[in-house]
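Have a look at the structure below, then the notes.
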Amino acid sequence: MEAGVYILEAVLVLMAGLVPGYWIHRKQTTNMIGSAKEQAAALLDDARRQVETTRKEALVEARDEAMQLRQATEADAIRLKAEAEAELRIRSEELKRREDRLLVREESYDAKLDGLDRREAALHERDDQLRTRQAELEIAVEEQQRKLEHVAGLTASEAKVALIKHIEDAAKRESMTLVRDLEQQAREEADRRARKIVTLAIQRVASEQTTESTVAVLPLPSDDMKGRIIGREGRNIRAYEAVTGVNLIIDDTPEAVLLSCFDPVRREIGRLTLEKLVADGRIHPARIEETYERAKSEVDEEIRRAGEDASLEVGITDLHPDLVRVLGQLKYRTSYGQNVLRHLVETAHLAGVMAAELGTDIALAKRCAFLHDIGKALTHEVEGSHAIIGAELARRLKEPPEVVHAIEAVICQAADAISGGRPGARRETLESYVKRLEKLEEIATSYTGVGKVFAMQAGREVRIMVRPEDVDDLGAQVLARDIAKRVEQELQYPGQIRITVVREIRSVEYAK
């Protein structure tokens, strides 16, 4: 610091020559510097005293704080120590309690283990006893089975078969009971809905009785005409049969000849041909051919007219001409003696009545029923059942698909059954009728427990008398169902056959 002063003075000396009053200024400066030094020294002393004072105060404060902190730390340590000791005591007590509980539980487990050991020993002993008892029971069962087989005279397998048969009979009886209940419910529901429809349909349709035959009879004016029909050496009858395809039977029947042919249309043409020849009186091969062609034209016209008349009677006027002609051919065909064309008309009316009662399409039902037997006109020409042939014919002649598929519909089937099954609608030949009755009685008598069999109502009902000691009530139900199913499988018949099984118990005692 002094070196700096000296340097300052040197600078001032150098400037003395330039600045006047340098020395005066120097003196003043020296005085000022001295005064500044004294002030600085005083300030320094004050600062030192303040620092010392501050240091002492800080030491005192630090000592006080350290003392307070030490006191607080010792209090906290004492408190924490007390809390730790208290918690340790609590945990020690809890551990002791747990040890006591574990000890009690261990003693209990030991007691249970002892009990289990005793129980296991008892079970082993009981198991041994059961094995011994089971062996004894098996021996007893075998001995009892041998005794039963000896007493019953049956082996175990035979007894098993008998038991199975008994269970099967019981199950059959139970199922028959259920079937009987269900059938009764179905009959009640069906009768309630169908009785009115069928009754009204039958009452509203009145048709002719069957009178046609498969053989045509032609009356003659005299027996001399038979010789003219035969001709010289039989040339006329041979020419007639060759042209018409109809067998001419001339026997001892007075003033009549028979015409026989499997084809009813051909038989009608032959009958008309012979009728014209007899009326004309000129009978020879050329005349036979000429008359045959004229009769064939007339029969064709009659067939067309019959088809149109039947269609108009039913109310169907938009049939294909070929379909009308096929329908007309059915005028000369019969089914069980019933004219097929009249059967179709009758069936159509019945179907219309039932469709009206059921609220369905009347026109469609009548059309389906009217065409359902159309295949019978072509059965001898095309292979297959008449239903399939009729459906194919209707499809080929552009009938609506619903008509083709509904030819055997439910309403159509019901109307067909009513028309064919009503009294007087159909007839059978005597030979087939007798064979059917004999077959019915044969089927019924083939079952065990049947006493007497009576075919009644021209074979429409079979009444079966069973022995009450051999057939019970449920067995009678089963027997009726079995016979009905067998009749359906083995016989062909129009309509339906009623199977009635009668079981009668008579208790007779005498008063003496």
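The values are calculated or read from the model by the stated rules, or taken from the named source; none is laboratory data. Note that the structure is a prediction, hence the values are computed from the model and not measured. FYI the Cβ positions are ideal-geometry reconstructions off the backbone, even for glycines, and counts take in every protein chain you see. Just so you know, the surface numbers come from the protein's heavy atoms only, side chains and all, with ligands and any DNA or RNA stripped out. Shrake-Rupley method; radii C 1.70, N 1.55, O 1.52, S 1.80 Å.
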Taking amide H atoms as placed 1.01 Å from N in the peptide plane, list the residues 5 or more away in sequence, or in a different chain, whose amide H sits under 5 Å from that of ALA256.
LEU220
May I ask you to order 465-476, 267-278, 72-83 by the average number of other C-beta atoms within 10 Å around their residues, highest value first?
267-278, 465-476, 72-83
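Sorted by mean Cβ packing within 10 Å, highest first, what order do the peptides 238-244, 106-112, 503-509 take?
Taking the mean over residues of other Cβ atoms within 10 Å, the ranking is 238-244, 106-112, 503-509.
Roughly how many Å² is the accessible area per residue of segment 272-340, as a whole number, for a 1.4 Å probe? Intermediate results must be reported in sequence, preceding the final value.
Numbers: 3220 Å² over 69 residues.
Result: 47 Å² of accessible area for each residue.
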Can you give the FRET efficiency for ALA66 and ILE33, using 1/(1 + (r/R0)^6), R0 = 60 Å, r = Cβ-Cβ distance, to the nearest 0.05?
0.80
Treat each spin label as a single point 7 Å out from the Cα along the C-beta direction, and report the ARG304 to GLU357 distance in nm.
4.0
To the nearest 0.05, how large is the calculated FRET efficiency for GLU138 and ASP470 if R₀ is 41 Å and r is the Cβ-Cβ distance?
0.50
Structure shown: which of LYS439/LYS485; LYS435/LYS485; LYS165/LYS452 lie over 23 Å apart, alpha-carbon to alpha-carbon?
LYS165/LYS452
Surrounding net charge for GLU289, when Lys and Arg each add one and Asp and Glu each subtract one, Cβ distance under 14 Å
+3
LEU137 neighbourhood, Cβ < 12 Å, K/R = +1, D/E = -1, net charge -2
Per-residue SASA entry for ASP128, accessible area with 1.4 Å probe, Å² rounded to 10:
90
Which GluC sites (Glu not before Pro) does segment 277-329 hold that lie in a coil by DSSP with at most 10 other beta carbons within 10 Å?
none
When every protein chain stays in place and a 1.4 Å probe is rolled, VAL179, VAL353 sorted by accessible area with the largest first are VAL179, VAL353
If you take the beta carbon distance between ARG498 and THR317 as r and set R0 to 60 Å, what does 1/(1 + (r/R0)^6) give as a FRET efficiency, to the nearest 0.05?
0.90
Label SER260 and GLU57 with points 7 Å out from Cα along Cα→Cβ: what is the distance between them in nm?
16.5
Nearest-10 value in Å² for the accessible area of LEU163, using the 1.4 Å probe:
100
